[in-house]
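Engineer: Dropping a structure here in structure tokens format, bear with me for questions.
Rule-based calculations on the coordinates, nothing more; no lab input. Just so you know, these numbers come straight off a predicted model, no measurement behind them. Here Cβ is always computed from backbone atoms with ideal geometry, including for glycine, and neighbour counts include all displayed protein chains.
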Amino acid sequence: MPTYKLLLLPGDGIGPEVMGQVQTVIGVLAETGIATFETETDLVGGAAIDAHGKPLADATLARADAADAILLGAVGGPKWNGVAYDIRPEAGLLRLRKDLGLFANLRPAICYPALAEASALKRELVEGLDIMIVRELTGGVYFGEPKEITTLPDGSKRAVDTQVYTTGEIERIAHVAFDLARKRSGRVASAEKNNVMKSGVLWKEVVTQVHAAHYADVALEHVLADNCAMQLVRRPKQFDVLVTDNLFGDVLSDVAAMLTGSLGMLPSASLGAVDARGTRKALYEPVHGSAPDIAGQDLANPLAMIGSLAMALRYSFGLGEAADLLDGAITDALAGGARTKDIAGDGAKVLGTAGMGEAVVSALRARMR
Ligand code: NAD
Ligand code: IPM
Ligand code: MN
């Protein structure tokens, strides 16, 4: 059985709490002979600021670069509200994404059968929901220059963020979306705002070209991003693969999260380009943040973090069956009534973070018997 090198970056707030459950699951995977991981743990975000004065030490970046995959909990929190913009906790995560070239962020929004009632929408709108949001992650307004606040002659200020996309950046994310669609229902929706943004005009043009040149078998639909947000709430099952830019993808994935019951349910994979050896850099993290309002209270839902490990098994290690097993264990735990507070309906027995982790582990063991 090969051993994979995993770098664990628990981060801040609920990050270490949900990562703790993943470490338990990793132990069970090893003990039952499914997969062995050599894990290292390091600091990112506010925890790294406290230790090193910056949110990502160079040595940590080097470790991340050398790992087969990275698992990250969450970064940020009110404790670091006052730090300089360039060294805020979130900057550590952005540097990891940018410097490792993790341009393709896959955010699957699945409504588990047992959670149809936990969704913010009516059961019939979300039952069977399975959307794959493909968010461009290393371009757009997150990284465009200039990005600054300047003072005008009258003493007032002017803030600038710059939305930039090149043909190459749009082409490669479009390929990821179309390739995924081929393995799913064969449909892609591309969201931008070509009615007001030049980057939207180019986005639509390039996605259309990539489609025409390589993916005639896939159905492509263009949708304006504001309408897309509305459609996600109106009739979400019309979407299968949804490809969009960095900022729209951030917002639309939080919307999609609530269709599944909670932000605590959405895992993600951030993938780089496939290299000559057929491998790619990858970071796996929940879509949610450090949730300062519930941190340290054993209230966080660990399923997004555990689901992120399942994505690592699938996308980094070619362990599709093990990933199915773990996803199946999550399904079984929920079907058996396991609920953290965020997904509990009236009268449900509520488990803490560790309790939910245990429910997944026992479901995993049961599936392996
Ligand atoms: P958040 O995602 O941390 O929390 C939003 C709401 O969802 C909160 O009410 C929280 O309690 C709830 N929630 C989130 N995850 C949950 C879970 N696993 N179980 C149960 N409930 C959960 O977003 P925020 O409050 O806007 O941001 C807090 C901090 O996190 C900020 O510093 C932000 O920059 C950072 N953040 C980090 C990441 C990341 O590390 N990838 C992602 C988003 C936000
Ligand atoms: C996310 C987060 C990050 C983002 C922040 C923490 C930088 O919201 O991963 O969704 O905006 O990309
Ligand atoms: Mn976000």
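Engineer: For region 127-260, give the share of DSSP beta bridges that are antiparallel, in percent and rounded to the nearest 5; count only bridges with both residues there.
Structural biologist: Roughly 25 percent of the beta bridges in region 127-260 run antiparallel, per DSSP.
Engineer: Show me, for region 309-315, the HN-Hα J-couplings you get by feeding each phi into the Karplus relation (A = 6.51, B = -1.76, C = 1.60, θ = phi - 60°), rounded to Hz, glycine and proline as x.
Structural biologist: Each residue of region 309-315 in turn: 5, 4, 5, 4, 4, 6, 8 Hz.
Engineer: For region 127-260, how many pairs of lysine residues have a Cα-Cα distance under 27 Å, where the two are 8 or more positions apart or belong to different chains?
Structural biologist: Lysine pairs meeting both conditions in region 127-260 amount to 10.
Engineer: Counting only residues 5 or more places away or on other chains, whose amide H sits under 5 Å from the amide H of residue 35 once H atoms are built in the peptide plane?
Structural biologist: Result for residue 35 returns 30.
Engineer: Which ordering of 110, 34 is given by a fewest-first count of other beta-carbon atoms within 10 Å?
Structural biologist: 34, 110
Engineer: Per DSSP H run of n ≥ 4, the term is -39500 (n - 2.57); total these for the chain, divide by its residue number, and report the mean residue ellipticity at 222 nm rounded to 500 deg cm²/dmol.
Structural biologist: Taken over the chain, the calculation gives -13000 deg cm²/dmol.
Engineer: Rank 354, 3, 242 by how far each Cα sits towards the positive end of the charge dipole of the chain (+1 on Lys, Arg Cβ; -1 on Asp, Glu Cβ) and give me just the farthest.
Structural biologist: Positive-most Cα among the choices belongs to 242.
Engineer: Ordered by residue, what ³J(HN,Hα) values in Hz, to whole numbers, does region 44-59 give under the Karplus form 6.51 cos²θ - 1.76 cosθ + 1.60, where θ = phi - 60° and Gly and Pro are x?
Structural biologist: In residue order, the calculated couplings are 8, x, x, 4, 6, 4, 4, 8, 10, x, 8, x, 8, 5, 4, 5 Hz.
Engineer: Report, for the chain, the % of DSSP beta bridges that are antiparallel, rounded to 5.
Structural biologist: 40
Engineer: What ³J(HN,Hα) values, in whole Hz, does the Karplus curve 6.51 cos²θ - 1.76 cosθ + 1.60 give for region 95-112 when θ = phi - 60°, with x put for Gly and Pro?
Structural biologist: Each residue of region 95-112 in turn: 5, 4, 4, 6, 5, 8, x, 7, 7, 10, 9, 9, 10, x, 10, 10, 8, 5 Hz.
Engineer: Can you give the local net charge around residue 350? Use residues other than it whose beta-carbon is closer than 9 angstrom to its beta-carbon, Lys and Arg +1, Asp and Glu -1.
Structural biologist: +3
Engineer: Students often forget the sequence filter, so: which lysines lie under 16 Å Cα-Cα from residue 349 once same-chain residues fewer than 8 apart are removed?
Structural biologist: Reachable lysines: 341.
Engineer: Further question on the same structure: If Lys and Arg each add +1 and Asp and Glu each add -1, what is the summed charge of the other residues whose beta carbon sits under 10 Å from the beta carbon of residue 261?
Structural biologist: Result for the local shell: -1.
Engineer: Sticking with this one: Roughly how many whole Å is it from the C-alpha centroid of region 54-119 to that of region 274-291?
Structural biologist: One Cα centre to the other: 9 Å.
Engineer: A follow-up question, please. Treating only the Cα positions of the chain as identical point scatterers, give the base-10 log of I(q)/I(0) from the Debye formula at each q in 0.12 Å⁻¹.
Structural biologist: Results for the chain at q = 0.12 Å⁻¹ read -0.92.
Engineer: Something else about it: Find the centroid of the Cα atoms in region 318-368 and in region 209-245, then give the distance between the two in whole Å.
Structural biologist: Using only Cα atoms to place each centre, the spacing works out to 31 Å.
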